[in-house]
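Bear in mind these aren't lab numbers, they're just calculated from the coordinates by the rules spelled out. Just so it is clear, the model here is predicted, and its values are computed rather than measured. So basically every Cβ, Gly included, is an ideal-geometry build from the backbone, and we count neighbours across all protein chains shown.
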Ligand SMILES: Cc1cc2nc3c(=O)[nH]c(=O)nc-3n(C[C@H](O)[C@H](O)[C@H](O)COP(=O)(O)O)c2cc1C
């Protein structure tokens, strides 16, 4: 019996009942239903991370935990609110810690499926933020899943871990399942998704 797939969730805000965090949890539940073991770095945890600087992970237990979790992950789900048309500073700071894996044998997110979720009040910010997040994942050599969840969040849409909008709930579920399915595929055939060394 192979070890369970490890899927790491990163995202949310510090708002009570953060819709971004609830959206992320729905996607992670879907990955769990596919047999993955999930680890969540939520808004409160991200807020405890110092601003990233080279080697900063050595001075923060939470940061060290984040870097180790990413190092051993088979896939990620990242969820950000759209802030001024882009990814929030809180989520970007957490992603910056992935720089600590630059000299690992598996560099950054090389070959990893990454599910992306955006919540925002307007469609414009959901689209621009999702595009930015895809660019970030490409820069880190990850594989954004085919579906990215763009959620126009309205008050009361997320409650008690459930999403009342069936279309949004379906997107979140699919993102979680796609990450688990691609992670399983990669584990079965590691060479097909890895980009290998790249000359800079
Ligand atoms: C600093 C800030 C900037 C924001 N900028 C935008 C924006 O440019 N476009 C938009 O549609 N919503 C914007 N919003 C709304 C957030 O995207 C929205 O409230 C988000 O879904 C919050 O998620 P949460 O419930 O997890 O805190 C902004 C909110 C804040 C606090």
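The table below gives the values:
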read-out	value
Order of 121, 83, 52, 97 - criterion: other Cβ atoms within 10 Å of each residue's Cβ, fewest first	121, 83, 52, 97
Cβ-based exposure ranking for 143, 123, in which fewest neighbours within 10 Å come first	123, 143
Rel. contact order, % - alpha carbon contacts under 8 angstrom, at least six apart, the chain	26
For the chain, built as a Gaussian network whose Cα springs stay under 10 Å, the top-fluctuating residue of 28, 185, 140	185
Cα point-scatterer Debye curve for the chain, base-10 log of I(q)/I(0) at q = 0.09, 0.13, 0.19 Å⁻¹	-0.30, -0.63, -1.38
Over the chain: helical MRE at 222 nm, DSSP H runs n ≥ 4 each giving -39500 (n - 2.57), nearest 500	-12500 deg cm²/dmol
Dimensions (Å) - the range 89-200, Cα atoms, principal axes, largest first	47, 31, 23
